[in-house]
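Here's the structure, in structure tokens; my notes come after.
The values are calculated or read from the model by the stated rules, or taken from the named source; none is laboratory data. The model shown is predicted, which means the values in this text are computed figures rather than measured ones. No Cβ is skipped: glycine too gets one built from the backbone with ideal geometry, and neighbour counts run over all protein chains shown.
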Amino acid sequence: MPSALPALRARLDRFGVLLSGLCLIHCLAGLFLVGVLGLGGGVLLDPAIHRIGLVLALLVGASTIGLAALRHGHRLPLAIGASGLALMLGAVLVDHGRGEALLTIIGVVLVACAHVINLRRSC
């Protein structure tokens, strides 16, 4: 049973990368559909989607990156992940537009990188 916890953390890290990718796609699709085509603003720009995504990112990030950093002692994933989550929080707090998109995109890329580094360090 001792190997079950690392396997669960690895699955959660992979889920974190997937979640980051989906967030990135959502953000880019929103920019394109709303900005270029003028479609889907009510759904794609709904603040609830961004708040739910941030909560999921915080939960997955804390449970995988934070706990694994405590276990394996590597602080780089923790620093990168925390920076990404802080940028994502900033994106939720600003008005919709380029600033929000930029903060979100950089934030989710950093969080995804932290998950990938965490996966490599945990092996």
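So that you can scan it fast, the table gives a plain yes or no per residue for (1) part of a helix (DSSP H, G or I); (2) more than 11 Å from the chain's Cα centre (by Cα):
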{"position": "Leu56", "(1), (2)": "yes, no"}
{"position": "Ile65", "(1), (2)": "yes, yes"}
{"position": "Leu78", "(1), (2)": "yes, yes"}
{"position": "Ala86", "(1), (2)": "yes, no"}
{"position": "His96", "(1), (2)": "no, yes"}
{"position": "Val108", "(1), (2)": "yes, no"}
In the set Val92, Val55, Val109, the lone residue that is surrounded by fewer than 19 Cβ atoms within 10 Å (Cβ to Cβ), within 25 Å of Ala29 (Cβ to Cβ) and free of Cβ contacts under 8 Å to residues at least 12 places away in the same chain is Val55
Can you pull out the residues in segment 58-78 that are free of Cβ contacts under 8 Å to residues at least 24 places away in the same chain and among the hydrophobic types (A, V, I, L, M, F, W, C)?
-> Leu59, Ala62, Leu70
Evaluate segment 21-32: report whether one residue or more is modelled with pLDDT of 85 or more, among the β-branched types (Val, Ile, Thr) and assigned to a helix (DSSP H, G or I).
-> no
Any idea which of (1) buried (at least 21 other Cβ atoms within 10 Å of the Cβ); (2) of a type in the set (Val, Ile, Thr); (3) in contact with a Leu (Cβ under 7 Å, 6 or more places away or on another chain) is the one Thr104 doesn't satisfy?
-> (3)
